[in-house]
Amino acid sequence: MPCDALAKAGINIVTLSLADTEQFGILRLIVEDWAKAKTVLEAAGCIVKLTEVLAIELADKPGGMARILDLVDRAGLNIEYMYAFTEKRADKGVLVFRFADPDAALNVLRNEGVNIVSPVKLLNRA
């Protein structure tokens, strides 16, 4: 139902993650027009919660993700969830993270030279 509603509204899903429990499912989406998507999904009867995430570029080679996770661990940052972006960018991959404290995570990762992908770059897949 959410995918149909977004399709009918002309909203493109850039990437997603799906998880379930015994009582309900959680569909996490990154879309090209989040405000319109929120309106469309709520009108379709979905419960919508907006959250701030960070898209992080990392080397697409063995150890690329381990480096990022080591930085996060040493800084004591709490990852609530993460998922991989579905499109490779040259020799880089992109991971999407939800941190308990996104501002602290942003500062730590930037100070360590990690490239945070801007929403404009993330959505410009051409």
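The values are calculated or read from the model by the stated rules, or taken from the named source; none is laboratory data. Model, not experiment: these values are computed from the prediction. When we count neighbours, we look across all protein chains shown, and the Cβ atoms used for this are built from the backbone with ideal geometry, even at glycine.
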Would you please name the residue that is surrounded by the most Cβ atoms within 10 Å (Cβ to Cβ), looking only at residues in the range 7-55 that are within 15 Å of the chain's Cα centre (by Cα) and among the acidic types (Asp, Glu)? Glu32
With criteria (1) within 27 Å of Ala104 (Cβ to Cβ); (2) in contact with a strand residue (DSSP E or B) (Cβ under 6 Å, 6 or more places away or on another chain); (3) free of Cβ contacts under 8 Å to residues at least 60 places away in the same chain, Glu52 comes up short on (2)
So the check is Cβ under 9 Å with 6+ separation or different chains; which pairs have a first residue in the range 6-29 that's in contact (Cβ under 8 Å) with a residue 24 or more places away in the chain and small (Gly, Ala, Ser) and a second one that's surrounded by fewer than 15 Cβ atoms within 10 Å (Cβ to Cβ) and in a helix (DSSP H, G or I)? Ala9/Lys36; Ala9/Thr39
Only one of Leu106, Leu77, Leu69 is in a loop (DSSP other than H, G, I, E, B), under 22 Å from Ser17 (Cβ atoms) and modelled with pLDDT of 90 or more, namely Leu77
Residue under evaluation Val72, criteria (1) closer than 30 Å to Lys8 by Cβ; (2) surrounded by 13 or more Cβ atoms within 10 Å (Cβ to Cβ); (3) not assigned by TED's automatic domain parsing to the domain that holds Ala9, criterion not met: (1)
Search the range 109-125 for residues being at pLDDT below 85 and among the β-branched types (Val, Ile, Thr), and hand back the single one that is farthest from the chain's Cα centre (by Cα). Val120
